[in-house]
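Colleague: Pasting in a structure now, in structure tokens, and then I'll have a few things to ask.
The values are calculated or read from the model by the stated rules, or taken from the named source; none is laboratory data. Just so we're clear, the structure is a prediction, and the values are computed from it rather than from any experiment. Cβ coordinates were reconstructed from backbone atoms using ideal geometry, including for glycine residues, and neighbour counts include every protein chain displayed.
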Amino acid sequence: MREGGSRRALNRAGLPFRSNLMLVASFNRLTTHDRSTLRFGRPAQIILGVITGALLSAGYALHPQWWAPWLAPVPLLLAASGSRRSARLAGGVAGAIAVTSLLPYYLDLIGWPMTLLVVLLRVGSWIFATSLADAATRRLPLAVALLVLPGTVAAIELLTLVVSPHGAAGSLAYSQMEAIGVVQVAALGGVPAVVFLILLPGSLAGLWLTRNWRHSDRLAALALVGLLALAATLFSIFRLNAKPSGSTIPVTLIATNHFDGIPQGGKGSGPSTSRPSSPPLPAGDSLCCRRS
């Protein structure tokens, strides 16, 4: 009688008893951890974060390894699985290690105050991206969750491109400059599109291993990544085989921060302070780019 009275009271208040139970059950499903989620201890999480940072550092370096950033999301997402604290720890360790390959370059170029700011922003961006990816893993299907990490990092790259006076300098996309087929997607979405493509397969592999997804979720995720990879491949093939639409002009670019034999700082005058002129190249010579 008391239970029936309580139900009638809830119904009169406009809150159906069954709807309340469904709402509470849905909320519990979203906020509780899945027991099938793979978890690691703190030492293992730190080690996986260091591995991720080393892979990212190899991608951010002045002489990058193209394959390294493709693998980076796998240990990162494995270390982040299980809790919000794990995600923050993994992202922080990975971000701190990732910037080490460019520390001497930044210190020489912009000084220690700005270098410290760059380090803090890099660490913060990876903590944010990893935390968001972990939250999506616990709430969304695999086919949607796998897009969060590459999408977030690509969005941060876009924001940097907009607000930074140096544009896309320091972007992870520069690790793929030797992979001509990969960088063709920059024609569609610029540097962020390249970064998204780099991190997408590793995001799928990392989330695939973190928990026991349903078979239908795995198939949907594989189909999505396969379609995106196929679309990117076809676009690259079409673009590389397309005939030039107009006349072309041979261009030579020499990019460097230091010129051998020339004093830095602008002191003095005369021939010693002018840049050496390079002899003209015959038509058809390839673009030359030097980084130092």
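Colleague: Filtering segment 186-213 down to residues that are among the polar types (S, T, N, Q) and under 16 Å from Asp134 (Cβ atoms), which residue is modelled with the lowest pLDDT?
Modeller: Checking each candidate, the answer is Thr210.
Colleague: Could you check, for segment 150-167, whether at least one of its residues is more than 27 Å from Ser86 (Cα to Cα), among the polar types (S, T, N, Q), part of a helix (DSSP H, G or I) and more than 11 Å from the chain's Cα centre (by Cα)?
Modeller: There is no residue in segment 150-167 that is more than 27 Å from Ser86 (Cα to Cα), among the polar types (S, T, N, Q), part of a helix (DSSP H, G or I) and more than 11 Å from the chain's Cα centre (by Cα).
Colleague: Which of the residues spanning segment 60-89 are among the small types (Gly, Ala, Ser), at pLDDT 95 or above and in a helix (DSSP H, G or I)?
Modeller: Residue satisfying the conditions is Ala68 alone.
Colleague: Could I ask something else about it? On the given criteria, is Thr130 among the polar types (S, T, N, Q), surrounded by fewer than 19 Cβ atoms within 10 Å (Cβ to Cβ) and in contact (Cβ under 8 Å) with a residue 12 or more places away in the chain?
Modeller: Taking the combined requirement at face value, the residue does not satisfy it.
Colleague: Quick check on my filter: what residues within segment 183-237 are of a type in the set (S, T, N, Q) and either assigned to a helix (DSSP H, G or I) or touching a His at 6+ places or on another chain (Cβ under 9 Å) (or both)?
Modeller: Ser203, Thr210, Ser216, Thr233, Ser236
Colleague: Kindly establish whether Gly124 is surrounded by fewer than 16 Cβ atoms within 10 Å (Cβ to Cβ), in contact (Cβ under 8 Å) with a residue 24 or more places away in the chain and within 22 Å of Ala54 (Cβ to Cβ).
Modeller: On the way: surrounded by fewer than 16 Cβ atoms within 10 Å (Cβ to Cβ): yes; in contact (Cβ under 8 Å) with a residue 24 or more places away in the chain: yes; within 22 Å of Ala54 (Cβ to Cβ): yes.
So Gly124 fits the description; yes.
Colleague: Also: Do we find a residue being small (Gly, Ala, Ser) and within 24 Å of Ile51 (Cα to Cα) anywhere in segment 184-194?
Modeller: no
Colleague: Counting only residues that are surrounded by fewer than 17 Cβ atoms within 10 Å (Cβ to Cβ) and among the hydroxyl-bearing types (Ser, Thr, Tyr), which one in segment 196-252 is nearest to Gly59 (Cα to Cα)?
Modeller: Among them, the one singled out is Thr233.
Colleague: Given (1) crowded, with 20+ Cβ neighbours inside 10 Å; (2) within 17 Å of Val148 (Cβ to Cβ); (3) out of contact with any Lys or Arg (no Cβ under 6 Å at 6 or more places or on another chain), where does Tyr60 come up short, assuming only one miss?
Modeller: For Tyr60, the failing item is (2).
Colleague: On to the next question. Could you say whether any residue in segment 106-120 is in a helix (DSSP H, G or I), surrounded by 15 or more Cβ atoms within 10 Å (Cβ to Cβ) and under 14 Å from the mean Cα position of the chain (by Cα)?
Modeller: Checked against the condition, which is being in a helix (DSSP H, G or I), surrounded by 15 or more Cβ atoms within 10 Å (Cβ to Cβ) and under 14 Å from the mean Cα position of the chain (by Cα), segment 106-120 yields no hits at all.
Colleague: Oh, and also: Just wondering, is there one or more residues in segment 38-52 that are surrounded by 15 or more Cβ atoms within 10 Å (Cβ to Cβ), modelled with pLDDT of 95 or more and of a type in the set (Ser, Thr, Tyr)?
Modeller: yes
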